[in-house]
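Q: Have a look at this one.
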């Protein structure tokens, strides 16, 4: 019975390869690609800077290292590299990794590769909280953590609302979950738009609109602390839970018979995904489709074992967001596109491809 369920799920996610790509080799290759992406992401821009200069400036700034280089660069180059571009690229790493691992968990919970934090309304809920802070100074008692706190609470509220709407007669089906996510996302997006147009601050409205479409333009070193800690701890917690996530591939009933407390585990996963989504949305805005595309492509490459899928998805998501941001900065330079437009241009066709796959069906419902 267990074997049948496993094979049935794998046939929908795309057949798992009999010999998945070696994990260590995949991680090493992705780390190399990440290093190259960071270097190019920092050096490319309206003022291109040589890669050696990029790393000389970076190493000089790291005072803990016993390395120093002669300053054969201008003060303007140093400020561009260290104060503007490096924080932006590193924020892209954190945002990409966070959204990708959230997508992995949500797809495992609902056993459907169409699920992601954007489609299920989590990003929209986080946006409601964040725009209240940006435009009206809500949650001021939390000080510098107001934006992250409001985005987290909004994400948690939206996810709980989706689960409540999708639960009918004690059952949670994938179709209901996806439809509830779309409805909640539309409602919360409308609330966000109402909040924006209600603001008397015209400049704040422009900033909020640009932020709502996703942007890494406001990256600063002091903005990185909370997202780095949250995404790192979240990834560690999820890696520790790889066995229950793997058992979910066999179905909730099977996972329950094999010792997983599904109610407790689901609540724990909801809190982690809401926290990660809220923190990421607070610093980058709503960036869609990263959590949809990356986990699915990773599973096709390394199989469905979450010991592989989680770290590989984090690295792949980081690389993808870095390049999406580079494209957003350069394609209409000196102007800048919101990064959400770039990810949507990639994710929309990918979503259509998933829908058109001949072997795809909604999470075992046989539709």
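The values are calculated or read from the model by the stated rules, or taken from the named source; none is laboratory data. These numbers come from a predicted model, not from an experiment. Please note: Cβ atoms are built from the backbone with ideal geometry, for glycine as well, and neighbour counts cover all protein chains shown.
Q: Enumerate the pairs (first residue in region 75-90 and in contact (Cβ under 8 Å) with a residue 60 or more places away in the chain; second residue anywhere and surrounded by 21 or more Cβ atoms within 10 Å (Cβ to Cβ) and outside any helix (DSSP H, G or I)) with beta-carbon separation below 6 Å, excluding pairs fewer than 6 apart on the same chain, so at least 6 apart or on different chains.
A: What qualifies is 87/219; 88/216; 88/219.
Q: Now for a different question. Kindly indicate which of 47, 36, 54 is surrounded by fewer than 24 Cβ atoms within 10 Å (Cβ to Cβ), more than 18 Å from the chain's Cα centre (by Cα) and without any contact (Cβ under 8 Å) to a residue 24 or more places away in the chain. Step through it out loud before you land on a result.
A: Values: 47 fails: without any contact (Cβ under 8 Å) to a residue 24 or more places away in the chain; 54 fails: without any contact (Cβ under 8 Å) to a residue 24 or more places away in the chain.
After ruling out the rest, the residue left standing is 36.
Q: Check off (1) within 16 Å of the chain's Cα centre (by Cα); (2) at pLDDT below 90; (3) closer than 30 Å to residue 209 by Cβ; (4) assigned to a helix (DSSP H, G or I) for residue 354 and give me the number that stays unchecked.
A: Unmet condition: (1).
Q: In this structure, does residue 204 turn out to be surrounded by 15 or more Cβ atoms within 10 Å (Cβ to Cβ) and at pLDDT 80 or above? Don't jump to the end; show me each part of the working.
A: Values: surrounded by 15 or more Cβ atoms within 10 Å (Cβ to Cβ): yes; at pLDDT 80 or above: no.
It is false that residue 204 is surrounded by 15 or more Cβ atoms within 10 Å (Cβ to Cβ) and at pLDDT 80 or above.
Q: Take residue 199 and decide whether it is closer than 24 Å to residue 340 by Cα and part of a loop (DSSP other than H, G, I, E, B).
A: Numbers: closer than 24 Å to residue 340 by Cα: yes; part of a loop (DSSP other than H, G, I, E, B): yes.
Yes: the conditions hold for residue 199.
Q: Can you spot a residue in region 308-326 that is assigned to a helix (DSSP H, G or I), under 27 Å from residue 241 (Cα atoms), at pLDDT below 90 and in contact with a helix residue (DSSP H, G or I) (Cβ under 9 Å, 6 or more places away or on another chain)?
A: Residues of region 308-326 that are assigned to a helix (DSSP H, G or I), as a first pass: 308-326.
Keeping just the survivors that are under 27 Å from residue 241 (Cα atoms) gives 308-321.
Narrowing the set further to residues that are at pLDDT below 90 leaves none.
No: region 308-326 contains no residue that is assigned to a helix (DSSP H, G or I), under 27 Å from residue 241 (Cα atoms), at pLDDT below 90 and in contact with a helix residue (DSSP H, G or I) (Cβ under 9 Å, 6 or more places away or on another chain).
Q: Would you confirm whether or not region 245-268 contains a residue that is touching a helix residue (DSSP H, G or I) at 6+ places or on another chain (Cβ under 8 Å), surrounded by fewer than 22 Cβ atoms within 10 Å (Cβ to Cβ), at pLDDT 90 or above and within 30 Å of residue 58 (Cβ to Cβ)?
A: The answer is no; no qualifying residue exists.
Q: Now for a different question. Please state which of the following conditions residue 127 fails to meet, knowing it meets all the rest: (1) modelled with pLDDT under 85; (2) surrounded by 24 or more Cβ atoms within 10 Å (Cβ to Cβ).
A: (1)
Q: Still on this model: For region 256-292, what are the residues that are over 15 Å from residue 159 (Cβ atoms) and in a loop (DSSP other than H, G, I, E, B)?
A: Passing the criteria: 258, 259, 260, 261, 285, 287, 288, 289.
Q: Answer with yes or no whether residue 219 is at pLDDT below 85 and either crowded, with 21+ Cβ neighbours inside 10 Å or touching a strand residue (DSSP E or B) at 6+ places or on another chain (Cβ under 7 Å) (or both).
A: No; evaluated as a whole, the condition is false for this residue.
Okay, residues lined up against (1) part of a helix (DSSP H, G or I); (2) under 29 Å from residue 322 (Cα atoms):
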| position | (1), (2) |
| --- | --- |
| 177 | yes, no |
| 185 | yes, yes |
| 207 | yes, yes |
| 216 | no, yes |
| 219 | no, yes |
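Q: Would you point out which residue out of 332, 298 is surrounded by fewer than 24 Cβ atoms within 10 Å (Cβ to Cβ) and either within 16 Å of the chain's Cα centre (by Cα) or not in a helix (DSSP H, G or I) (or both)? Write out each step before concluding.
A: Values: 298 fails: surrounded by fewer than 24 Cβ atoms within 10 Å (Cβ to Cβ).
Result of the check over 332, 298: 332.
Q: Applying the selection to region 115-153, what residues are within 18 Å of the chain's Cα centre (by Cα) and not in a helix (DSSP H, G or I)?
A: 115, 116, 117, 118, 119, 120, 121
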